[in-house]
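The block underneath contains the structure these notes are about, expressed in structure tokens.
Every number in this text was worked out from the coordinates using simple rules, so none of it is lab data. Please read these numbers as outputs of a predicted model, since none were measured by experiment. Every residue, glycine as well, gets a Cβ built from its backbone with ideal geometry; the counts of neighbours run over all protein chains shown.
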Amino acid sequence: MLADRTAEVFITLLRIDHASFANPILLAYNTEPVVRADGTYQPYPFQVNLPDQDEDSLPQVTVTVDNVDLTVNDAIRTLTGDPPTVTMMVVLADSPDTVEAGPFVYSLQNAQADAQTIQGALGFESDIFSQQVPSQTYTPVSSPGLFL
């Protein structure tokens, strides 16, 4: 990985899962399908933007997927309930079942589409900053030992 030159080809894979999908959407940033034990990842243009390391803002991963085919767009438009899970990993073309980086598991927090692209914001939990801390309320019923 640290060599000046290599014959190895790194391929980024995306797996989009949701309870309503019959099968997950499997995408490979490659010109050929990538066959793995968990399925065949179809060649599809996309770009993953990793967050800047800035202390003043929350990190945000974004993914931009080509929208010309409409396969991903149609699947996302039909979603209801929980957000889909997006798993990103990097493999080598020679050994696609061995994950070199990842898997990085995110939830799709929002998505915007136009005629050419779909852009989505990825995060670890959909609403982590509006959760109550501590999550338990200390009352005589839930914590009787505190109220003796």
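Observations
- Computed from backbone phi, the HN-Hα couplings of segment 86-100 come to 10, 10, 10, 8, 10, 10, 8, 4, 6, 9, x, 7, 9, 7, 7 Hz, rounded to whole numbers (Karplus: 6.51 cos²θ - 1.76 cosθ + 1.60, θ = phi - 60°; Gly and Pro given as x).
- Nonlocal amide H pairs with GLU100, under 5 Å, H built at 1.01 Å: VAL90, VAL91, LEU92
- Cα-centred dipole magnitude for segment 10-126, charges only on beta-carbon of K, R (+1) and D, E (-1), debye, nearest 20: 360
- HN-Hα J in Hz across segment 67-77 - Karplus 6.51, -1.76, 1.60, θ = phi - 60°, x for Gly and Pro: 10, 5, 6, 6, 4, 5, 4, 4, 5, 6, 5
- Farthest toward positive dipole pole in segment 1-106 [+1 Lys/Arg, -1 Asp/Glu at C-beta], among LEU14, GLN42, MET89: GLN42
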